[in-house]
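What follows is a short report on a single structure.
The numbers here are math on the coordinates, done by the rules we state, and not lab data. These numbers come from a predicted model, not from an experiment. Counting neighbours? That spans all protein chains shown, and the Cβs are built from the backbone with ideal geometry, glycine included.
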Amino acid sequence: MTRKRRRLYLLGLMFAALGVATALVLSAFRDSIVFFYSPSEIVEKRIPPDRPMRIGGLVEVGSLQRAQGSLEIRFRVTDLNHAVPVIYAGVLPDLFREGQGVVAQGKLDSEGVFRASEVLAKHDENYMPPEVADALKKSGHWQDKAGTKR
Amino acid sequence: MIAELGYFALTLAFMVALVQAIVPLAGAARGDHRMMALSRPAAFVQFGCVAVAFAALTHAFVVSDFSVINVAQNSHSAKPMLYKLSGVWGNHEGSMLLWVLILTLFGAAVAACGGNLPASLRARVLAVHAMIGAAFLAFIVFTSNPFLRLDPPPLDGNGLNPLLQDPGLAFHPPFLYLGYVGFSMAFSFAVAALIEGRVDPAWARWVRPWTLAAWAALTLGIALGSWWAYYELGWGGFWFWDPVENASFMPWLIGTALLHSAIVVEKRDALKSWTILLAIIAFALSLIGTFLVRSGVLTSVHAFAVDPARGSFILAILVVAVGGSLGLYALRAPQLKAGGLFAPASRESALILNNLLLSVAALTVFIGTLYPLFLDAISGAKVSVGPPFFNATFLPLMAPLFLALPAGPLIAWKRGDIAEALRRLRFAAVAAAGAALGTFYLLDGRSLLALGGLALAAWLVFGALAELGYRIGGGRLPLAHALARARGLPRAAWGMALAHGGLGLAVAGIVVSQVWQIERVVLMRAGDRLEIAGYMLAFQGVTRVAGPNYRAERGAFDVMRDERIVTTLHPEKRVYPVGGATTTEAAILTTGFADLYVVLGEADAPGAGQPLNRPQAAIAGPDAAWAVRAYWNPLVPWIWFGAVIMFLGGIVSLFDRRYRVGAPAPARARGPAAIAAE
């Protein structure tokens, strides 16, 4: 086994490993990347249903409803131009409030209702998820007060 | 006054670091022994100054000196003493000070124990180390001064983020930093060796203990962080592939690779330039980790600082350190003499495979972590790359690694016999097959992941045992003789078996908890019962209690098995009036083999079905229904149990006699018997 042969084997092995990794990464990118949309984008761009995605905005004041005797919760996520209805069954994060920022992960159903599988927590009162801040900036309703910690 | 003293000590440390970075380097270039000798006292003085500054900040936190902005913003007089102390590093400025404290401590340690290093190498190592120190001290002094005053001082402070008020998290940053900073030592040695133009086994014997210590500390730091996320965030999971987690995981992966490739340099004088490259990358990833979590690019509990100046400063340090060292590498690496030859079937090749798979795995994590930032920067599209991505890329790369792992230590250096190694592993193979069959039987073959995962876990654990058994001659030699050989085994051998076996236990914990986890989310009223995994949870209602610095709603759940009460679990929702944050405290019953995990959600107010405001504002009556989330997490404790065993393996290996100060000369000097035993 000469040095040259060894180097050749090593390079071959390295390219094989890199190739496998690239293939894995590319196929995973196709299937498992989750895009984020603001309520306006969902309404205006007619996003097709049944694709995993995240939406974010404010929980519309007065929209939170809880079904009697079940865990089902309905609310609307708004960027103050458009609002999207959301249904979620489960335990809400600690700081989920009306009028506060929220990010939900899930899928749109065929009637344009967002079925959330996960509602994401935030860490403190003043914190605004950056995606939500951007969504509000895009809709022109961003107030600096809401994002003092950002 | 004490705060000013601290600031003064910090600036002094910066000056000393500058001198230490320049003079010994120039001295080493000119062969001037007096200039080189300066590096040792300078390292001690630098550490002393930083220690004084750290003590001054700790003092301000302990006595709650709210005239210091940092204390006013991050502490509160009503906080328990442990969290006043951990508050010192529970904020941006203080955590950077802790980072520098550990950095200078390691520098002083090299100066103290480095008596047997060649004078020029020691001077260069300490000079490179001082450059890192100077950069971070400048960062603190110019952008993140922890000693700024506030006038007039407030009556009380803002308190520490309640999520961080936790014993597990109090020690998470120090261990993580011990790891990150430990890699800075390997980095300094690598750059010094490049300047020197020489890498030999003696160099590797110096680098390996530092890498080992850093790796062990990082292992424990990551385990503490994940344990905290498990019981504090109340989601029942232990690893979320969150960018912040990945930021500490990438240096760990490359550090693990470095740990193994340094063995090849030490024993066989081969893979030298690759090892140097790994040392540079491990530290670069530590810096990237610091940049990601500290700059506010990512939002999380860790993002204290959202001052753009700070982000750019760390980015500048990163660019200079990585660019400079890689430039030097490109210039000098070709001059390093290539080492000994080896056959494709050899320990060297096994370790190369380990390195290759670990590096490529780290690369996929890197891509997944940075892709959203990259996409946001170029197109403004917001995406999130979550667990599915990492499960699809990272896990397939781990399978061959774990498959090959037990065989590696059984193959001889230079030219080995794979068939022979596999024969020695036959019992491990039987155990793995047994685990696979058992899983198949339990699951009716439904989950390939569980089947393969558990077989690999058994393969790892029993492979480590088989390797240990082979070395002491178990089965071939009489018991007394085998025990004598066990005592005589080098500590590094024990450490390796522990680390590999611990990995197997952690893999078992991860696989089993993923496949057999049971989750129940229900509404419960006082008196209701919930059946989960053979346990009956009887809800006794919720009471209000007051903690030292919070108010809580505390649920009571009697845990029953066969109609007998085993224990009572008390999950809580806490409100911290200072800062107004709410946290969820999960209640966990653990048997060592499984956890019963209960989280209290929000209450259903009277008149449900109507639009309701924040449930907490409504007063929950005695007949209110509460959202309750319960998990049965089998084998989850083994994840941390395994991580602690890996940590212990690192520590045991660290005390191997060949790393002892003044240890006898390189392996070459010892007889062939000694080499064969390793």
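Residues B:VAL71, B:VAL522, ranked from the fewest to the most other C-beta atoms within 10 Å, line up as B:VAL522, B:VAL71.
Taking the empirical scaling 2.2 N^0.38 Å for compact globular proteins as reference, the range B:79-139 has a Cα radius of gyration ratio of 1.45. Shielding value for A:20-32 is 6, the average number of Cβ atoms from other chains within 10 Å of each residue's Cβ. Would you please state which residues of the range A:94-116 a label at B:PHE240 would reach in this model, taking the label point 7 Å out along Cα→Cβ and a backbone N cut-off of under 13 Å? Under cut-off, by backbone N: A:94-95, A:103-105. Counting Cβ atoms of other protein chains within 10 Å of each Cβ in B:358-369 and taking the mean gives 3. Which value, in debye to the nearest 20, describes the size of the charge dipole of chain B about its Cα centre when Lys and Arg Cβ atoms bear +1, Asp and Glu Cβ atoms bear -1, and nothing else is charged? So the dipole magnitude of chain B works out to roughly 2560 debye. What the Cα convex hull of the range B:136-248 gives, in volume per residue, is 151 Å³.
Would you be so kind as to identify which of B:ALA458, B:TYR230, B:GLN517 lies farthest towards the positive end of the dipole of the protein assembly as shown, taking Lys and Arg as +1 and Asp and Glu as -1 on Cβ and the Cα centre as origin? Value computed over the given set: B:ALA458.
For the range B:465-543, what class follows from the C-alpha gyration tensor (a ≥ b ≥ c being the square roots of its eigenvalues): rounded when a/c is under 1.5, otherwise prolate if a/b is larger than b/c, else oblate? Before the final figure, lay out each step's value.
Details: a/c = 4.19, a/b = 3.70, b/c = 1.13.
It is prolate, given that a/c is not under 1.5 and a/b is the larger ratio.
For chain A, the ratio of Cα radius of gyration to the globular rule of thumb 2.2 N^0.38 Å stands at 1.47.
What order, most packed first, do the peptides B:642-651, B:278-287, B:29-38 have when packing is the mean number of other Cβ atoms within 10 Å of each residue?
On the way: B:642-651: 22.1, B:278-287: 26.9, B:29-38: 14.9.
By packing density, highest mean first, the sequence is B:278-287, B:642-651, B:29-38.
Summing -39500 (n - 2.57) over the DSSP H runs of n ≥ 4 in chain B and dividing by its residue number, what mean residue ellipticity at 222 nm do you reach, to the nearest 500 deg cm²/dmol? So the helix-based figure for chain B works out to -20500 deg cm²/dmol.
At 10 °C and 1.306 mPa s, grab the translational diffusion coefficient of the range B:452-611 from Stokes-Einstein with a Kirkwood Rh over Cα pairs, rounded to a whole number in µm² per second. Walk me through the intermediate numbers first.
Numbers: Rh = 20.1 Å.
This corresponds to a translational diffusion coefficient of 79 µm²/s.
Mean per-residue shielding of peptide B:381-394 is 6, counting Cβ atoms of other chains within 10 Å of each Cβ. Peptides B:496-508, A:67-79, B:537-549 ranked from most to least packed give B:496-508, A:67-79, B:537-549, packing being the mean of other C-beta atoms within 10 angstrom over each peptide's residues. Where the centre of each part is set by its Cα atoms, how far does the range B:4-24 sit from the range B:52-96, in angstrom? Result: 23 Å between the Cα centres.
Using +1 at the Cβ of each Lys and Arg and -1 at the Cβ of each Asp and Glu in chain B, identify which of B:LEU101, B:LEU358, B:TRP638 lies farthest towards the dipole's positive end. Of the options given, the answer is B:LEU358.
Peptides B:139-145, B:158-164 ranked from most to least packed give B:158-164, B:139-145, packing being the mean of other C-beta atoms within 10 angstrom over each peptide's residues. In order along the range B:479-495, the phi-based Karplus estimate (6.51 cos²θ - 1.76 cosθ + 1.60, θ = phi - 60°) of 3J(HN,Hα) comes to 4, 4, 5, 4, 5, 4, 5, 4, 5, x, 4, x, 4, 4, 5, 4, x Hz; Gly and Pro are listed as x. Between B:GLY90 and any residue 5 or more places off or on another chain, the built amide H atoms are never under 5 Å apart. The three principal axes of the C-alpha atoms in the range B:425-500 carry coordinate ranges of 46, 23, 14 Å, sorted with the longest axis first. Counting charges near B:VAL636 (Lys, Arg +1; Asp, Glu -1) among other residues having Cβ under 15 Å from its Cβ returns a value of -3.
Normalised by 2.2 N^0.38 Å, with N the number of residues, the alpha-carbon radius of gyration of the protein assembly as shown equals 1.00.
The convex hull built on the alpha-carbon positions of the range B:1-148 has an orientation-averaged projected area of 8.4 nm².
Taking amide hydrogens as placed 1.01 Å from N in the peptide plane, the amide H of B:THR568 sits under 5 Å from those of B:VAL559, each at least 5 positions away in sequence or on another chain. For B:LYS573, which aspartates and glutamates qualify as cross-link partners when the Cα separation must be under 17 Å and same-chain residues fewer than eight apart are set aside? Partners found: A:ASP94, A:ASP124, A:GLU125, B:ASP166, B:GLU232, B:GLU553, B:GLU585, B:GLU602, B:ASP604. Summarising the amide proton neighbourhood of B:GLY601: residues at separation of 5 or more, or on other chains, whose placed amide H is nearer than 5 Å comprise B:ALA627, B:VAL628, B:ARG629. What separates the Cα centres of the range B:538-553 and the range B:445-520 is a distance of 43 Å.
When you restrict to C-alpha pairs under 8 Å that are six or more residues apart and normalise by the size of chain A, the relative contact order lands at 20 percent. Only Cα pairs under 8 Å and 6+ residues apart enter the sum, and on that basis the relative contact order of the range A:69-109 stands at 31 percent. Centre-to-centre, using Cα atoms only, the range A:39-91 and the range B:346-421 are separated by 39 Å. For the range B:499-545, the convex hull spanned by the alpha carbon atoms encloses 120 Å³ per residue. Assuming charge only on the beta carbon of Lys and Arg (+1) and of Asp and Glu (-1), the dipole of the range B:435-520 about its Cα centre is about 400 debye to the nearest 20.
Between the Cα long axis of helix A:3-32 and the first principal axis of chain A there is an angle of about 20°, rounded to the nearest 10.
Model label sites at B:MET81 and B:ALA381, defined 7 Å from Cα along the beta-carbon direction, differ in position by 5.6 nm. Each residue of the range B:646-654 was assigned a 3J(HN,Hα) from its phi angle through the Karplus expression (A = 6.51, B = -1.76, C = 1.60, θ = phi - 60°), giving 4, 4, 4, x, x, 5, 4, 5, 5 Hz with x at Gly and Pro. Start at zero, step by 5 Å, and the Cα-Cα distances of the range B:166-213 spread as 5, 20, 23, 17, 12, 9, 6, 4, 2, 1 percent across the bins.
Taking the convex hull of the alpha carbon atoms in chain B, what volume per residue do you get, in Å³? Working shown, then result.
On the way: hull volume 126.4 nm³, N = 678.
So the per-residue hull volume is 186 Å³.
Taken about its Cα centre, the protein assembly as shown carries a charge dipole of roughly 3620 debye when the Cβ of each Lys and Arg holds +1 and the Cβ of each Asp and Glu holds -1.
The length gained on full extension between A:VAL113 and A:GLU44, counted as 0.36 nm times the residue separation minus their Cα-Cα distance, comes to 23.4 nm.
Relative contact order for chain B using alpha-carbon pairs under 8 Å, separation at least 6, rounded to a whole percent?
Numbers: 1214 pairs, mean separation 76.7, N = 678.
Result for chain B is 11 percent.
Per-residue Karplus couplings for the range B:356-367, computed as 6.51 cos²θ - 1.76 cosθ + 1.60 with θ equal to phi - 60°, are listed in order as 4, 5, 5, 5, 5, 4, 4, 5, 5, 5, 4, 4 Hz, Gly and Pro entered as x.
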